[in-house]
Amino acid sequence: MTNKNDYEALKLDKQICFPLYACSRNVVNLYTLFFKPIGLTYTQYIVLLVLWEKDGISVGELGKKLYLDNGTLTPLLKKMQEKGYLIRQRSHDDERIVLVSLTEEGSKLRDKVEDIPARINDSLSLTSEEMETLYGLLYKVIDGLEEK
């Protein structure tokens, strides 16, 4: 006969996945509220973040930075190109490589969203020290899973 305590590890509040999922969902929803008036999605925003740091990178490098596969990234980039935010073009050195570059319109979006990180931080009930700790712990988890 199985004891009820044998399944303690299967309780919702014992699952690391659930608070990560719920937190991620709520934070992304908050970002989405701020992006709606601008006409951006969260995923478009993170693509832009990478391109504002390093313009003209390959789709492969972009996918690695964002933990997105080509099946997700390709339609996203196509839509962003249709909106005039970026261009995709084959590398002159290697035609198998597609490079992604910002347009002037994509660069201008930076000014429209520059206050959003501060607005997000203001919405969270964490001190700057707690934010830094959380950030470090989340990347420790990501890095640990990447090694698997």
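Annotations
- Applying 0.36 nm per residue to the separation of residue 126 and residue 94 and subtracting their alpha-carbon distance, the gain on full extension is 6.9 nm.
- Residues of region 7-44 with an amide N closer than 18 Å to a point placed 7 Å from the Cα of residue 114 along the Cα-to-Cβ direction: 35, 38.
- Measuring nothing but alpha carbons in region 4-62 and taking Rh as the Kirkwood radius, the Rg to Rh ratio lands at 1.24.
- Solvent-accessible area per residue in region 26-148 equals 68 Å², computed with a 1.4 angstrom probe and all protein chains kept.
- Distance between region 11-39 and region 82-148 - C-alpha centres, whole angstrom: 16
- The chain, accessible surface, carbon-and-sulfur percent (1.4 angstrom probe): 53
- Residue 21 - accessible surface, heavy atoms, 1.4 Å probe, Å² rounded to 10: 130
- About the centre of its Cα atoms, the chain shows a dipole size close to 560 debye [charges on the beta carbon of Lys, Arg (+1) and Asp, Glu (-1) only; nearest 20 debye].
- Angle in degrees between helix 42-53 and the longest Cα principal axis of the chain, rounded to the nearest 10: 60
- Gain on full extension, evaluated as 0.36 nm per residue between residue 87 and residue 10 minus their Cα-Cα distance, stands at 23.0 nm.
- Value at 222 nm in deg cm²/dmol, rounded to 500, when DSSP H runs of n ≥ 4 in the chain each add -39,500 (n - 2.57): -19000 deg cm²/dmol
- Zero-based 10 Å bins, Cα pair distances in region 102-148, whole percents: 21, 29, 30, 20
- Taking the Kirkwood radius as Rh and the Cα radius of gyration as Rg, region 34-100 has a ratio of Rg/Rh equal to 0.96.
- Per-residue SASA entry for residue 25, accessible area with 1.4 Å probe, Å² rounded to 10: 130
- Cut-off 15 Å between beta-carbons: net charge of the residues surrounding residue 104, Lys and Arg +1, Asp and Glu -1: +1
- Over 26 Å between alpha carbons, listed pairs 64/140; 54/112; 54/148: 54/148
- Per residue Cα convex hull volume in Å³ - calculated over region 26-148: 130
The values are calculated or read from the model by the stated rules, or taken from the named source; none is laboratory data. Note that the structure is a prediction, hence the values are computed from the model and not measured. Positions of Cβ are generated from backbone atoms using ideal geometry, with glycine treated the same way; all protein chains shown enter the neighbour counts. Ligands, DNA and RNA are stripped out before the accessible areas are found, and what is left, the full protein with its side chains, is counted by its heavy atoms. Shrake-Rupley method; radii C 1.70, N 1.55, O 1.52, S 1.80 Å.
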